Amino acid sequence: MNTMCRIAIAFLVLAASSLAAEAAGKPNVLMIAVDDLNNWIGCLGVHPQVKTPQIDRLAARGTLFCNAHCQSPLCNPSRASLLTGLRPSTTGIYGLVPGIRDVERLKAHVTLPQHFAAAGYFTATSGKVYHDGSIKPKDRPKEFHVWGPAPGMPLPPRKFVDTPDKMRAVDWGVFPENDADQADWKIADACIAQLQSVPADKPFFVCVGFRLPHVPCFASKKWFDLYPGEDGIALPPVQMDDRRDTPEFSWYLHWKLPEPRLSWLIRANQWRSLVRCYLASTTFMDSQVGRVLDALERTGRARETIVVLWSDNGWHLGEKGITGKNTLWDPGTNVPLIFAGPGVSAGAKCTQPAELLDIYPTLIELCGLAPREGLEGHSLVPQLRDARTPRPWPAITTHNQNNHGVRSEHWRYIRYADGSEELYDYRADPHEWKNLAKDSRYAEVIRDHARWLPKVNEAPVPGSAHRVLTREDGRWVWEGKPIDPAEKEE
Ligand SMILES: [Ca+2]
Ligand SMILES: [Ca+2]
């Protein structure tokens with residue numbers, strides 16, 4: 001071995017041992033992602049019947065954010081934002097493709113797991129944390145040290161519900177027979193195996209992403225048996241003519257969706273069934289969160305582990321005439337967000353606005369890592385110490401270029417790309433039924449919220465597709481096809 005080689009090896013050993021020394025004594029992180037879970041969890045008290053005892057158990061030993069919102073009401077842009085720490089209006093990722101590493105300006109961006117790996121953490125993932133397929137196999141080792149399996153949902157031989165779009169995944173019912181055949185059971189298994197094999201000599205950053213209650217909303221019979229029959233199921237409060245005072249442009253944000261409209265659910269007598277299936281699949285997913293939390297306890301390292309649980313977007317079940325996401329209203333944007341562990345108050349509820357974007361800087365601060373420049377969120381540590389601490393920033397959700405919802409503690413202001421607006425006062429109108437934007441008495445409230453609208457509004461990056469709204473030759477275009485207002489499906 002020549003001298004240069006010896007020096008290089010000595011340097012590497014030194015660098016590795018100083019990383020290990022820096023990481024020693026730092027808390028671990030267990031990050032639990034859930035797909036399309038709206039604010040229907042027991043501890044949020046929004047749906048009167050939903051049962052999520054495991055998530056409630058986590059909230060009881062941590063801080064629950066009651067007014068947390070995703071940055072985009074859609075999987076890929078929401079997760080890209082959370083994991084880069086940048087707004088969708090900054091990444092230019094608005095659709096289900098592309099992934100972050102296919103975007104020139106994000107190729108070298110240091111993501112949340114990469115920042116932890118660089119600080120000496122062991123990092124691992126399983127299930128859906130990044131959007132499925134958004135990180136190419138060649139880029140995977142750069143994101144996490146270990147990639148566990150991410151099995152998809154099992155499908156029955158035939159679709160249960162004949163939805164207008166016919167998409168196979170948009171389905172709901174009692175399936176499969178055995179819980180162990182469910183994707184989320186296997187994903188919990190993978191996370192449990194990772195927790196059992198984390199290195200003992202360094203802190204870990206382990207992520208797991210569950211699939212339910214994303215469609216297809218399937219669960220075995222035992223989870224349905226926890227709920228009343230369809231006749232006893234509480235439907236969300238809906239005003240049938242609610243869209244009379246929302247701008248025409250609000251329809252463009254979900255112009256065509258595979259998820260059916262409320263009008264179809266009512267005609268097909270499927271509304272109660274969908275709500276019941278969403279509840280049952282949520283409770284099954286919750287049980288898998290419980291299995292992972294139990295496995296964390298068994299490692300003996302739970303007391304030194306920060307657990308953060310979030311959902312990537314909400315889900316309408318009839319509110320404002322639609323099902324699915326792709327909206328800037330609370331059913332589409334308000335998501336569970338819970339932190340628990342060292343440095344976090346137990347049994348606390350915070351009503352201040354919070355963003356999924358805040359997770360990156362919050363975990364950095366909680367774990368005492370070097371701060372990062374350029375992150376667009378704000379650490380929630382002051383609220384984790386004392387949930388009553390006010391936050392000056394609202395939560396902002398973006399769906400496609402230049403459509404933003406600005407949510408403060410009591411208000412929501414929406415401005416669409418064509419300039420049309422909505423304003424809701426949650427103290428008087430918790431279901432966002434009365435749009436106050438045209439009432440001049442609220443001009444100052446609108447001004448106060450409009451000043452937070454993002455100043456950067458990147459065009460959709462090259463390769464953008466699926467749920468993408470663009471402006472071409474003076475026309476609004478949904479998924480590549482010009483919008484014909486006469487074709488509106490209400
Ligand atoms: Ca999602
Ligand atoms: Ca209305």
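The values are calculated or read from the model by the stated rules, or taken from the named source; none is laboratory data. What you are looking at is a predicted structure, and each value in this text was computed from that prediction instead of being measured. Here Cβ is always computed from backbone atoms with ideal geometry, including for glycine, and neighbour counts include all displayed protein chains.
If you check Gly127, Gly42, Gly133 for being within 16 Å of ligand 1 (Cβ to nearest atom) and free of Cβ contacts under 8 Å to residues at least 60 places away in the same chain, only one passes: Gly133.
Could you look through the stretch 312-344, keep only residues that are away from ligand 2 (no atom under 16 Å from the Cβ) and hydroxyl-bearing (Ser, Thr, Tyr), and pick out the one that is surrounded by the most Cβ atoms within 10 Å (Cβ to Cβ)? Only one residue tops the list, namely Thr333.
Quick grid of which residues meet (1) farther than 27 Å from Trp310 by Cα; (2) among the charged types (D, E, K, R):
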{"residue": "Pro199", "(1), (2)": "no, no"}
{"residue": "Lys202", "(1), (2)": "no, yes"}
{"residue": "Cys207", "(1), (2)": "no, no"}
{"residue": "Lys222", "(1), (2)": "no, yes"}
{"residue": "Asp225", "(1), (2)": "no, yes"}
{"residue": "Pro228", "(1), (2)": "yes, no"}
{"residue": "Gln239", "(1), (2)": "yes, no"}
{"residue": "Arg243", "(1), (2)": "yes, yes"}
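Would you confirm whether or not the stretch 367-385 contains a residue that is within 27 Å of Val406 (Cα to Cα), part of a helix (DSSP H, G or I), in contact with a His (Cβ under 6 Å, 6 or more places away or on another chain) and modelled with pLDDT of 95 or more? Within the stretch 367-385 (the criterion being within 27 Å of Val406 (Cα to Cα), part of a helix (DSSP H, G or I), in contact with a His (Cβ under 6 Å, 6 or more places away or on another chain) and modelled with pLDDT of 95 or more), the answer is no, since none of the residues qualifies. Checking Leu309, Leu235 one by one, the residue that is touching a helix residue (DSSP H, G or I) at 6+ places or on another chain (Cβ under 8 Å), within 29 Å of Phe65 (Cα to Cα) and surrounded by fewer than 19 Cβ atoms within 10 Å (Cβ to Cβ) is Leu235 and no other. Pairs are defined by a Cβ separation below 8 Å, a sequence spacing of at least 6 or placement on different chains, a first member in the stretch 83-112 that is more than 13 Å from Ser464 (Cβ to Cβ), and a second member that is assigned to a helix (DSSP H, G or I) and of a type in the set (Asp, Glu); the pairs so defined are Arg101/Asp139; Thr111/Glu143. Helices (runs of 4 or more DSSP H) fully within the stretch 204-306 that include at least 1 residues being under 25 Å from the mean Cα position of the chain (by Cα), of a type in the set (Ser, Thr, Tyr) and away from ligand 1 (no atom under 16 Å from the Cβ): 271-298. Just checking, how many residues over the stretch 312-371 are among the small types (Gly, Ala, Ser) and closer than 22 Å to Trp433 by Cα? Residues flagged as among the small types (Gly, Ala, Ser) and closer than 22 Å to Trp433 by Cα within the stretch 312-371 amount to 5.
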